[in-house]
1. Among the residues of segment 143-166, how many are out of contact with any helix residue (DSSP H, G or I) (no Cβ under 9 Å at 6 or more places or on another chain), among the charged types (D, E, K, R) and over 14 Å from Ser187 (Cα atoms)?
2. From the list Glu61, Glu38, which residue is in contact with a Phe, Trp or Tyr (Cβ under 8 Å, 6 or more places away or on another chain) and at pLDDT 95 or above?
3. Give segment 167-198 a look and list any residue that's open to solvent by 10 Å² or more (accessible area, probe 1.4 Å), among the hydrophobic types (A, V, I, L, M, F, W, C) and touching a helix residue (DSSP H, G or I) at 6+ places or on another chain (Cβ under 9 Å), or say none.
4. Got a sec? Which strands (runs of 3 or more DSSP E) wholly within segment 113-222 have at least 3 residues that are over 30 Å from Glu101 (Cα atoms) and under 18 Å from the mean Cα position of the chain (by Cα)?
5. Counting only residues that are over 21 Å from Glu212 (Cβ atoms) and outside any loop (DSSP other than H, G, I, E, B), which one in segment 45-77 is most open to solvent (accessible area, probe 1.4 Å)?
6. Do we have Val202 as more than 15 Å from Ile50 (Cα to Cα), of a type in the set (A, V, I, L, M), buried (at least 17 other Cβ atoms within 10 Å of the Cβ) and in contact (Cβ under 8 Å) with a residue 40 or more places away in the chain here?
7. Please state which one of Glu184, Glu179, Glu194 is within 18 Å of Leu129 (Cα to Cα) and out of contact with any strand residue (DSSP E or B) (no Cβ under 9 Å at 6 or more places or on another chain).
8. Enumerate the pairs (first residue in segment 89-109 and in a loop (DSSP other than H, G, I, E, B); second residue anywhere and basic (Lys, Arg)) with beta-carbon separation below 9 Å, excluding pairs fewer than 6 apart on the same chain, so at least 6 apart or on different chains.
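The values are calculated or read from the model by the stated rules, or taken from the named source; none is laboratory data. None of the values given here were measured: they were computed from a predicted structure. Here Cβ is always computed from backbone atoms with ideal geometry, including for glycine, and neighbour counts include all displayed protein chains. Each accessible area value is taken on the protein alone, full model and side chains, heavy atoms only, with ligands, DNA and RNA left out. Shrake-Rupley method; radii C 1.70, N 1.55, O 1.52, S 1.80 Å.
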Amino acid sequence: MRKVVILGIAAAVLSLSACSVTEGDPLDGEELVEAAREQYESYDSARVVITNEDTNEVEQEFVFMYDEKDSLTYLYTGGYEEESYIQYNNGFECFTEQNGEYTFTQYGDNDFEAYNRDSLHPQASGDYLPYERNAIETVEKTEQDGEVVCSYTYSPDSFDSDDGVVEFTAVYHFDENDELLYFEELSVVDTDGEESSHSYKVEITDINAVKEIDNPLKDREG
């Protein structure tokens, strides 16, 4: 449901570097992205907000927290066009509602999944911040007003053809202290021969400040 996508670089920039990536070349901003990925994975809790930049609407949120035993509790909510998805998981029970259809699983069920620091949820992993060095085709780095923007465009050969993605760029924004402000996913998707552009802004908020996550499906009956 999360779309992926091509950033318009700001018109006024103080510096710009662009290059085609070849084996062994250092990538501009790589150390910043890798540090952000490592830091994200270290958080005890956070809220991830995904906004459709074309409509300025929040389409997805992922809230998570680890307890004193490093067991993960999370709530994911998402919606796009006619689709909707809610999932709450506290490590013992999992409540899911997809397009109005409710399902419940618990510890011991074959299809139940629990997560912790050793078995990371995909959206609580550093890999959630996209960076595949060997698949990157071009790099652009800009600096303006103390903000550093690193843009990584991926080779079309790196996409899964079944997904219909024909272009993908990940854009990271850092402050003057090299802290991640947010990142963007910019993509062009081919659906039955028709191409559409998608632009999403991903913000990581409430860092280490989430103390409780309510279950919106606790009173739901199948």
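1. Count: 4.
2. Glu61
3. Result: Phe168, Leu180, Val189.
4. 147-154, 165-174, 180-191
5. If we take residues in segment 45-77 being over 21 Å from Glu212 (Cβ atoms) and outside any loop (DSSP other than H, G, I, E, B), then Glu57 is most open to solvent (accessible area, probe 1.4 Å).
6. no
7. On the way: Glu184 fails: out of contact with any strand residue (DSSP E or B) (no Cβ under 9 Å at 6 or more places or on another chain); Glu194 fails: within 18 Å of Leu129 (Cα to Cα).
Just one listed residue meets the conditions, Glu179.
8. The qualifying pairs are Gly91/Lys69.
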